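Enquirer: Handing you a structure now.
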Amino acid sequence: MRILGIESSCDETAASVVEGDRALSDVIASQIAIHRPYGGVVPELASRNHIVKIVPVIEEALSRAGSKLEDIDGVAATAGPGLVGSLVVGLQVAKTIAAARGLPFVGVNHLAGHILAARMADGFAPRPEFPYMALLASGGHTGIYLVEDESRISCLGETRDDAAGEAFDKVAKLLGLGYPGGPIIDRLAAGEGPAVEFPSALRRRTSFEFSFSGVKTAVAQHVARLGRRPDQVEITAIARGFQRAVIEILVRKVVLAARQKQVPRVVLAGGVAANVGLRRHAIEVCGENDLELYAPPTSRCTDNASMIAYAGLLALTRGDRSPLDLAPRAAWPL
Ligand code: KG4
Ligand code: ZN
């Protein structure tokens, strides 16, 4: 089966052709430069730009896969969760292609796409068997998911407030570092050096919930106490301390969940899973706890369409179909 997948839930317009568990193409038109001056995604601008890019991005994905629309066996698109004005663009184009060509269509949950991405083929990288415990940490969501198989994914706990990526972005904005904040803080935090100590919330709790608004406030208060703009050395120490607090709690909770549910492996997913410090810390802690650890290549952690095409392909193979009057969903818990 060769599936065309389309992703437009936030600020990336993306399309991919997937066959089996392999991406034949994976095209992303990033809107980062458009949203950078605002320090975050502006929904109205995101929608307008999806409209401009969606058809060229699909054409590029087909062409790089050496495919034409006639070679495609089904169409998948992100139906939620996300910004509705963004989702409608990819979803409607996907439904239109399916209707025009008489192809099966399925709406994909963006979170399921992230969580299943680690099972796609990427060179010789090992892939997780089921069951696994997934840590999904992105700009919009942060939670822990028990993945029994491709269609049985249950949420064990989520953030009570900010998503981890959102906290990275807000702290970077506060420090005047630019957007998106995750990769910038990740680079600053690399290597040894002084780190400001910040608290992580719900640390001792045995629940699988997170809270990141406290650490963000702690950073703001630390900067306010300085009474001036921190210098480069201070900014680096703040970034390092903030990142350390966030990744420590993320890894602690997913490992706790895996041990408690007796699941032998952990999977990292979502944009924050691209974080070098997080990946390194997870390797260490999973090693100490006899857990296998899997993380997709960083390009498949951040938003992309191959994960949507792949999740769509699995769903279509199971016989799942979505009606052509499927509406986008701003919220769609797993
Ligand atoms: O999964 P994603 O691309 O989009 C959503 O579904 O939200 O995640 C984007 C988030 C942003 O908040 C971004 O700052 C964060 O992932 N991110 C990172 C890194 N790369 C992206 N956070 C920490 N370290 C990184 N290297
Ligand atoms: Zn995402």
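Enquirer: What Rg and what Dmax come out for the chain when only alpha-carbon atoms are used, in angstroms?
Expert: According to the Cα coordinates of the chain, Rg and Dmax are 19.8, 64 Å.
Enquirer: Please state the shape class of region 80-167: rounded when a/c is under 1.5, otherwise prolate if a/b exceeds b/c and oblate if not, all from the C-alpha gyration tensor.
Expert: Values: a/c = 2.18, a/b = 1.30, b/c = 1.68.
Oblate shape, in that a/c is at least 1.5 and b/c is the bigger or equal ratio.
Enquirer: Within region 158-175, find all residues whose amide N lies under 18 Å from a label point positioned 7 Å from the Cα of Ser30 along Cα-to-beta-carbon.
Expert: Answer for region 158-175: 165-166, 168-170, 172-173.
Enquirer: Sticking with this structure for a sec: Would you kindly compute the Cα radius of gyration of region 213-330 and its largest Cα-Cα separation (Dmax), both in Å?
Expert: 19.4, 61
Enquirer: Something else about it: Students often get this wrong, so check it: of Lys53/Lys170; Lys173/Lys253; Lys95/Lys216; Lys95/Lys173, which have C-alpha atoms separated by over 30 Å?
Expert: Flagged as over cut-off: Lys95/Lys216; Lys95/Lys173.
Enquirer: Let me know the shape class of region 27-80, please: from the alpha-carbon gyration tensor, a ≥ b ≥ c as square roots of the eigenvalues, rounded when a/c is under 1.5, otherwise prolate if a/b is greater than b/c, or oblate.
Expert: It is prolate, given that a/c is not under 1.5 and a/b is the larger ratio.
Enquirer: When only DSSP loop residues count, what trypsin sites (Lys or Arg not before Pro) in region 169-242 have their Cβ near at most 15 other Cβ atoms within 10 Å?
Expert: Arg203, Arg204, Arg205, Arg228
Enquirer: Around Val57, with a cut-off of 10 angstrom between Cβ atoms, what is the net charge of the other residues, counting Lys and Arg +1 and Asp and Glu -1? Before the final figure, lay out the partial values.
Expert: Values: positive: Lys53; negative: Glu7, Glu12, Glu59, Glu60.
In short, -3.
Enquirer: By how many degrees, between 0 and 90 and to the nearest 10, does the Cα long axis of helix 84-101 differ from the longest principal axis of the chain?
Expert: 20 degrees
Enquirer: Next question. How far is helix 306-318 tilted off the main Cα axis of the chain, in degrees rounded to 10, range 0 to 90?
Expert: 50 degrees
Enquirer: Right, here's the next one. Straight-line reach from Lys261: which aspartates and glutamates have a Cα under 19 Å away, not including same-chain ones fewer than 8 places off?
Expert: Reachable aspartates and glutamates: Glu129, Glu148, Asp149, Glu150, Glu158, Glu209, Glu288, Asp290, Glu292.
Enquirer: Rounded, prolate or oblate, given the Cα gyration tensor of region 79-227, with a/c below 1.5 counting as rounded?
Expert: prolate
Enquirer: I need the per residue convex hull volume for region 270-334, using only the alpha carbons, in cubic angstrom as a whole number.
Expert: 135 Å³
Enquirer: Rounded to the nearest 0.05, what FRET efficiency is calculated for Phe124 and Asp21 with R0 set to 22 Å and r the Cβ-Cβ distance?
Expert: Numbers: r = 14 Å, r/R0 = 0.62.
So the FRET efficiency works out to roughly 0.95.
Enquirer: At what distance in nm do the modelled label points of Glu284 and Thr206 sit from each other, each positioned 7 Å from its Cα along Cα→Cβ?
Expert: About 2.6 nm separates the two model spin labels.
Enquirer: With Cβ to Cβ distances under 15 Å as the rule, what net charge do the other residues near Ser322 carry (K, R +1; D, E -1)?
Expert: +2
Enquirer: What is the mean projected area of the alpha carbon convex hull for region 140-294, to one decimal in square nanometres?
Expert: Convex hull of Cα atoms, orientation-averaged projection: 9.0 nm².
Enquirer: Same structure, new question: Where only protein heavy atoms count, and the probe is 1.4 Å, what is the accessible area per residue for the chain in Å²?
Expert: Values: 14150 Å² over 334 residues.
On a per-residue basis, the chain sits at 42 Å².
The values are calculated or read from the model by the stated rules, or taken from the named source; none is laboratory data. This structure is a prediction, so every number in the text was calculated from the model and none was measured. Note that we place each Cβ from the backbone using ideal geometry, even for glycine, and neighbour counts take in every protein chain shown. Side chains included, ligands, DNA and RNA excluded: accessible areas come from the protein's heavy atoms. Shrake-Rupley method; radii C 1.70, N 1.55, O 1.52, S 1.80 Å.
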